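For reference, the structure discussed in these notes is given below.
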Amino acid sequence: MQTTIYSPTQEHIKLLADQLQANEVVAIPTETVYGLAGNARSAVALKKIFEIKNRPENHPLIVHFAKPDESTHQAWTEVLAEWSREIPEIAIQLAQAFWPGPLTLVLPKAKSVLKEVTGGQDSVGLRCPSHPVAQAILKEFGGGLAAPSANRFGKISPTTSLHVTQEFVNVRDENFLQHHLAVLDGGACHIGIESTIINLCDWSTTGPTLLRPGMISIAEIEEKTGIVVSEKIKSSLRHSGGLMAHYAPKTLLSLKKIDFKNFVAIPYHRLAYVYRNLDHVALEKDKFPMIDFYLLPESAEQIAHNLYSQLRELDTKSYDEIVFCPLPLVGQWHGIMDRLLRAEQGSGTANDPSHL
Ligand code: TXA
Ligand code: MG
C-alpha cells in the first residue's frame with residue numbers, strides 16, 4: 001500500500017476531509033496515538049478500516065468528534081445524544097472535566113449507530129480528542145470519525161506519521177479497497193499511549209468501571225470530579241485492548257529487574273536493558289558488554305510520551321531480548337505497565353506472517 005504524509009495546512013485538511021466524505025480511510029494524529037479514521041456513519045468506510053488494520057470485525061471502534069462551539073452542559077449533551085440513547089449525569093461531568101482530552105466513555109449506543117462501529121454490541125465508545133489537528137479535521141469533516149490506533153492489529157501503536165507509514169507500507173491490499181493511504185501529520189503525539197477508557201453502561205448498578213488504564217488515572221478522575229471509578233473489569237464487554245497479547249514488538253520482551261550482583265550473561269545473547277536510575281544506583285555498566293543500557297526519563301508523562309517510539313527503535317536493533325525494568329502499578333504508571341505487560345505477552349513474533 002502506498003502512503004503519503006500531508007502537512008496539516010488548511011488546504012490539506014480540506015482535501016483529506018473530502019476524502020473522508022468519499023468513504024476513504026485517512027490516518028490522523030491525536031494527542032494519544034495516530035488513528036486510522038473513517039466516517040463512523042458509513043459501513044463502506046468502516047469495512048476498509050478493518051481490512052487495512054487486519055482487525056477482527058467484532059472488535060468495537062471509538063467514535064471521535066469535534067468539541068462543541070461552547071463546552072456547556074447542554075452542548076456536551078447534544079453531542080453525546082447523537083451517539084448514545086442514555087446519557088447519565090456523570091458522563092457530562094467527565095466530559096466537562098476531561099474533554100477535549102485522552103478519555104473515552106463507553107455508553108449505551110443510540111439506535112442509529114452502525115453495528116460495524118460497536119462490534120455488534122449494545123454500547124459505543126466516544127472520545128473528543130484535544131490534538132489541534134484532530135480537532136481541525138473533525139470540524140472540517142463535520143461528523144464522527146471511527147478511528148482505531150493506526151497500527152496492524154496487535155502491534156505497537158504509532159505516535160508519529162512516519163510510524164504509520166512504516167506500519168502499512170508493506171501491507172498488501174488484497175481486496176484493492178484502497179491503494180493509497182493519506183497520513184495527516186501532527187508531529188509526535190504528546191501523550192504517547194492510548195486513552196483511558198471508562199465504561200458507563202452499568203453505572204446505575206456497578207458504577208463506572210475502568211476498561212483500559214491511560215494517562216488520566218482513576219485517582220485524577222476522583223480528585224477532579226469526585227467520581228469513583230472501579231478498577232475491577234467485571235464487564236463482559238469485548239475490547240481489544242483487553243486481550244492479553246497486544247502492543248507487541250517482534251523482539252522478545254520481558255519485564256524484570258536484573259540483579260546485577262548475581263548476573264551471569266548468556267553467551268551471544270544481546271540484551272537491551274531499559275531502566276530507571278531509581279532502581280539501579282551506581283550501576284557499573286562497563287562490566288556487562290553484552291548489554292546496552294537505556295535510561296528512562298524520570299516522569300510517567302515522559303516515559304509514556306517516548307514508550308512506543310522507543311519500543312519501535314529497539315525492535316530494529318536485532319537484540320535477542322529487550323528487558324524492561326517494572327514500573328509501579330498505580331496512577332499514571334498503571335497505564336504504562338498495562339501496555340508493557342501486554343507487549344511482554346505478544347512479543348517475539350518476528351515470524352508472524354500476519355505482519356509481513
Ligand atoms: O487513544 C485512543 O483511544 C486511540 C486514538 C486513535 O483515539 N484509539 C484507540 O483505538 O486506541 P483502538 O481501536 O486501538 O482501541 C480502542 C479500544 C479497544 O480496546 C476497543 O475494544 C475499546 O476501545 N472499545 C471501543 N468501543 C467499545 C465499546 N463499545 N465497548 C467496549 N470497549 C470498546
Ligand atoms: Mg489499538
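The values are calculated or read from the model by the stated rules, or taken from the named source; none is laboratory data. Predicted, not measured: the structure shown is a model, and the values here were computed from it. We place every Cβ from the backbone using ideal geometry, glycine too, and count neighbours over all the protein chains shown. To get the accessible areas, we keep the full protein, side chains included, count just its heavy atoms, and leave off ligands, DNA and RNA. Shrake-Rupley method; radii C 1.70, N 1.55, O 1.52, S 1.80 Å.
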Anything in the range 324-353 that is open to solvent by less than 30 Å² (accessible area, probe 1.4 Å) and either polar (S, T, N, Q) or over 26 Å from SER217 (Cβ atoms) (or both)? List them, or say none. SER347
List the pairs whose first member sits in the range 145-173 and is within 16 Å of LEU61 (Cα to Cα) and part of a loop (DSSP other than H, G, I, E, B), whose second member is among the hydroxyl-bearing types (Ser, Thr, Tyr) and more than 9 Å from ligand 1 (Cβ to nearest atom), and whose Cβ atoms are under 6 Å apart, counting only residues at least 6 apart or on separate chains? SER157/TYR308
Out of ILE193, ILE198, I need the residue that is modelled with pLDDT of 95 or more, in a loop (DSSP other than H, G, I, E, B), assigned by TED's automatic domain parsing to the domain that holds GLY120 and not aromatic (Phe, Trp, Tyr). Which one? ILE193
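Yes/no per residue for (1) away from ligand 1 (no atom under 11 Å from the Cβ); (2) surrounded by fewer than 21 Cβ atoms within 10 Å (Cβ to Cβ); (3) under 19 Å from LEU36 (Cβ atoms):
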position	(1), (2), (3)
GLN96	yes, yes, no
PRO100	yes, no, no
SER112	yes, yes, no
CYS128	no, no, yes
ILE137	yes, no, yes
LEU145	no, no, yes
ASN151	no, no, yes
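Filter the range 48-76 for residues that are over 16 Å from LEU36 (Cβ atoms) and surrounded by fewer than 16 Cβ atoms within 10 Å (Cβ to Cβ); which is modelled with the lowest pLDDT? Can you show your working first?
Residues of the range 48-76 over 16 Å from LEU36 (Cβ atoms): 58, 65-76.
Now narrow it down to the ones that are surrounded by fewer than 16 Cβ atoms within 10 Å (Cβ to Cβ): 58, 69-74.
Values: ASN58: 87, ASP69: 92, GLU70: 89, SER71: 83, THR72: 89, HIS73: 88, GLN74: 89.
So, considering only residues that are over 16 Å from LEU36 (Cβ atoms) and surrounded by fewer than 16 Cβ atoms within 10 Å (Cβ to Cβ), the one modelled with the lowest pLDDT is SER71.
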Criterion first (assigned by TED's automatic domain parsing to the domain that holds ASN58, at pLDDT 95 or above and of a type in the set (Lys, Arg)) does LYS155 satisfy it? no
Open to solvent by 20 Å² or more (accessible area, probe 1.4 Å) and of a type in the set (Gly, Ala, Ser): is that true of ALA43 in this structure? yes
Residues being out of contact with any strand residue (DSSP E or B) (no Cβ under 8 Å at 6 or more places or on another chain) and either away from ligand 1 (no atom under 13 Å from the Cβ) or modelled with pLDDT under 90 (or both) - total across the range 158-178: 11
Using the structure shown, decide if ALA17 is of a type in the set (Gly, Ala, Ser), assigned by TED's automatic domain parsing to the domain that holds THR104, touching a Phe, Trp or Tyr at 6+ places or on another chain (Cβ under 7 Å) and on the phi < 0 side of the Ramachandran plot. yes
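Quick one: would you say VAL124 is crowded, with 24+ Cβ neighbours inside 10 Å and out of contact with any Gly (no Cβ under 7 Å at 6 or more places or on another chain)?
Working: crowded, with 24+ Cβ neighbours inside 10 Å: yes; out of contact with any Gly (no Cβ under 7 Å at 6 or more places or on another chain): yes.
For VAL124, the condition - crowded, with 24+ Cβ neighbours inside 10 Å and out of contact with any Gly (no Cβ under 7 Å at 6 or more places or on another chain) - is met.
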